[in-house]
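Asks: Handing you this structure, nothing more for now.
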Amino acid sequence: MAIYGYCRISQKKQNIERQVRNILNVYPTAIIIREAFTGRKIEGRKEWEKIYKTVRSGDMIVFDSVSRFSRNAEEGFELYQDLYHKGIDIVFLKEPQINTETFKRALTRTIPMTDTNVDYILEGINKFLLELAKDQIRLAFEQAEKEVEDLRQRTREGIETARLNGKQIGASSGQKHVTKKSVKVKALIEKHSSDFNGNLSDVEIMQMTGVAKNTYYRYKRELKEQIGIE
């Protein structure tokens, strides 16, 4: 049995090592997989795709929290069921109530039939317990997705508050290193970045604007400072 620890960050300023430490504290032999990715969809995570193609029945994948698994509730629940039916154990350190082992126990904790008319009632109870277990998992993924949406909403409100207070959004003409290109790129970042008002990842915006990685993240950092977002 192989144990994989999947660690992911969605922003450059985040520290992935905290997730690594948490996983290794519980599973010291885990094979740690690191991934830096901005976005809500599972599609496009290269390191995750490698794990998905590698794992076999009986293997385990450990996450620091459900938000590292997926921040899209629908996709997350579908992937969870897919891995579960393939015999992959999934462990969430912060949400152990939805670990696959817990879910498995809930599915097998059925009330035995009696070969009497009472079985009609017992069958209904067993179906209810199964749906209750599934609802717990859905709720965890929905909560993770809501946290992302709340963060984006706070960011939008911060941008609007900055505008109302007369703060410069984007580079102003009196600042150092201001160019027409930097002003244009910052405007595109504000419009399209998932950290601001849009839905695109950092990689997608870099491809759109054609700027180098270091330059892109510098523009993004400056833009956040000007808006007043931590």
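Asks: Taking amide hydrogens as modeled 1.01 Å from N in the peptide plane, which residues meet the under 5 Å criterion relative to Ile33, leaving out close sequence neighbours?
Replies: Hits under the 5 Å cutoff: Gly5, Tyr6, Cys7.
Asks: A further question on this structure: Run the 1.4 Å probe and let me know the accessible area of Phe92, rounded to the nearest 10 Å².
Replies: Ignoring ligands and nucleic acids, Phe92 comes out at about 0 Å².
Asks: Could I ask something else about it? Once you have the Cα-Cα distance between His85 and Ile31, take 0.36 nm times their residue separation minus that, and quote the gain in nm to one decimal.
Replies: Using 0.36 nm per residue and subtracting the Cα-Cα distance, I get 17.2 nm.
Asks: Please list, in order along the range 86-97, the HN-Hα scalar couplings obtained from phi with the Karplus expression 6.51 cos²θ - 1.76 cosθ + 1.60 (θ = phi - 60°), rounded to whole Hz, x for Gly and Pro.
Replies: Listing the rounded values in order: 8, x, 8, 7, 10, 10, 10, 4, 8, 10, x, 5 Hz.
The values are calculated or read from the model by the stated rules, or taken from the named source; none is laboratory data. Only a predicted model underlies this, so the values are computations on that prediction, with no experimental measurement involved. Keep in mind that these areas ignore ligands, DNA and RNA; they rest on the heavy atoms of the full protein, side chains included. Shrake-Rupley method; radii C 1.70, N 1.55, O 1.52, S 1.80 Å.
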